[in-house]
Amino acid sequence: VVCVPLALPASRTFSEVALYVRNLLTLQPYSVAKFCQPLVSGEVRDLLRDHTFDVVVCDFVNAAGVLPWDISCPKILFTHNVEAQIWWRHYQNARNPLWSAVSLREYNAMNRTELTYVKSADHVLTVSEADREYFSCFIDACKITVIPTGVDIHFFQPDPCQPEGNTLVFTGSMDWIPNEDAMLYFIKAIFPHIRQQVPDTCLWIVGRKPSARLKALAAQENGVRVTGRVDDIRPYVCDAAVYVVPLRIGGGTRIKIFEAMAMGKAVVSTAIGAEGLPVQQEENILLADQPKEFANKVVALLKDPRYRTSLGTAARKLVEQKHSWELVGADFERALAKVVGSTLGRPVECNVS
């Protein structure tokens, strides 16, 4: 582990705006340029010069700018999302003209950057079949392996006690824009319909760095609680009757859903929220995209504890059987061995469905 502290400006401050404006003179997306600084690139080059590695894994495209892609060591790009797709969805959902322009600019810059590094990598890892299909339009599908989303099923365990009260919970880093957008949307468009049918419903928003805008909106609404950073999300998930994922923007897969499922929780999500996950509607999750439909599904679970338990039990079974870290880690190890073997001239099978 080589730590390289970066002096990044706080989110949504004048300093960040100034840094963003300077980045407009380049072709790089801001979300990549702010991390890929010369100091970091130098540390990476020194490390690669002084040590020999079997393979280099670049985790997220945001880090790709610091990697010297001309090195002989095999290089893997681990894409946890199609980042350009996320920015396109920001653009589609933007109501503020300035944010719309920013999102479109970031989409175009990210699309160029992302495809450049995808094509430069010796192999690409995705977290869903949908992402694999997307990238296979630009590179040979044999160069792509899907590593399913995994969860620590020993850390995230069901609690045998039924939660008391009509409590909903959402967890996630609130400085990630799709999470903030989801909660603003939920409070404004969905929560009123739920409270109309179940007046004592309470919503907990659990995650670091909630914005002033979110905290102000929550303060105006009865039954909404914002925690900020917590040491452990499990007590909050445990106490909730229903876990909600009203995401409208995103890509890749959402590990928050598998964490809730591993705890045996009934989950209500939008289609985008559960995108890329092998879940089954009304078998181990409930999906809804319209505000009233989403609210009605939440209310049905609040009013029927047996229904909640049945859905949560099926959800736990899914992650136990297919998405534990043990299983996913084995998939990742095989992918690394495949890439290293191919560079050493060993025969490597290409299995593409």
Find all pairs meeting these conditions: Cβ atoms under 8 angstrom apart; at least six residues apart or on different chains; first residue within segment 193-210 and under 13 Å from GLY223 (Cα atoms) and free of Cβ contacts under 8 Å to residues at least 60 places away in the same chain; second residue of a type outside the set (D, E, K, R) and open to solvent by 80 Å² or more (accessible area, probe 1.4 Å). ARG195/ASN222
Can we say TRP99 is among the aromatic types (Phe, Trp, Tyr), part of a helix (DSSP H, G or I) and under 23 Å from ALA130 (Cβ atoms)? no
When you scan segment 143-152, how many residues do you find that are of a type in the set (Val, Ile, Thr) and either open to solvent by 20 Å² or more (accessible area, probe 1.4 Å) or not in a loop (DSSP other than H, G, I, E, B) (or both)? 4
May I ask you to verify whether GLY273 is assigned to a loop (DSSP other than H, G, I, E, B) and at pLDDT below 95? yes
What do you reckon, is TYR107 closer than 20 Å to ASN23 by Cβ and within 20 Å of the chain's Cα centre (by Cα)? yes
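Condition check ((1) under 30 Å from VAL55 (Cα atoms); (2) of a type in the set (Lys, Arg); (3) out of contact with any Lys or Arg (no Cβ under 8 Å at 6 or more places or on another chain); (4) crowded, with 17+ Cβ neighbours inside 10 Å) across all residues:
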position: THR79; (1), (2), (3), (4): yes, no, yes, yes
position: ARG95; (1), (2), (3), (4): no, yes, yes, no
position: ALA101; (1), (2), (3), (4): no, no, yes, no
position: SER120; (1), (2), (3), (4): yes, no, no, no
Here are ASP140, ASP131, ASP159: which of them is more than 29 Å from ALA300 (Cα to Cα) and open to solvent by 50 Å² or more (accessible area, probe 1.4 Å)? ASP140
Output the qualifying pairs, or none if there are none: Cβ atoms under 8 angstrom, residues six or more apart or on different chains, first residue in segment 135-152 and more than 17 Å from PHE60 (Cβ to Cβ), second residue of a type in the set (Phe, Trp, Tyr). VAL151/PHE258; VAL151/TRP325; ASP152/TRP325
So CYS58 ticks every box in (1) in contact (Cβ under 8 Å) with a residue 12 or more places away in the chain; (2) open to solvent by 20 Å² or more (accessible area, probe 1.4 Å) but one. Which box is left unticked? (2)
For segment 318-344 the number of residues that are in a helix (DSSP H, G or I) and either among the aromatic types (Phe, Trp, Tyr) or more than 22 Å from LYS265 (Cβ to Cβ) (or both) is 16
So which residues in segment 174-232 are open to solvent by less than 10 Å² (accessible area, probe 1.4 Å) and hydroxyl-bearing (Ser, Thr, Tyr)? THR201
Against the definition (surrounded by fewer than 18 Cβ atoms within 10 Å (Cβ to Cβ) and part of a helix (DSSP H, G or I)), how does LEU302 come out, yes or no? no
Filter result (touching a strand residue (DSSP E or B) at 6+ places or on another chain (Cβ under 9 Å) and either assigned to a helix (DSSP H, G or I) or small (Gly, Ala, Ser) (or both)) within segment 159-185: GLY165, GLY172, ASN179, ALA182, MET183
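The values are calculated or read from the model by the stated rules, or taken from the named source; none is laboratory data. Keep in mind that this is a model prediction, so the values were computed, not measured. Methodologically, a virtual Cβ is constructed for each residue, glycine included, from the backbone with ideal geometry; neighbour enumeration extends over all protein chains shown. These accessible areas exclude ligands, DNA and RNA; they are computed on the full protein's heavy atoms, side chains included. Shrake-Rupley method; radii C 1.70, N 1.55, O 1.52, S 1.80 Å.
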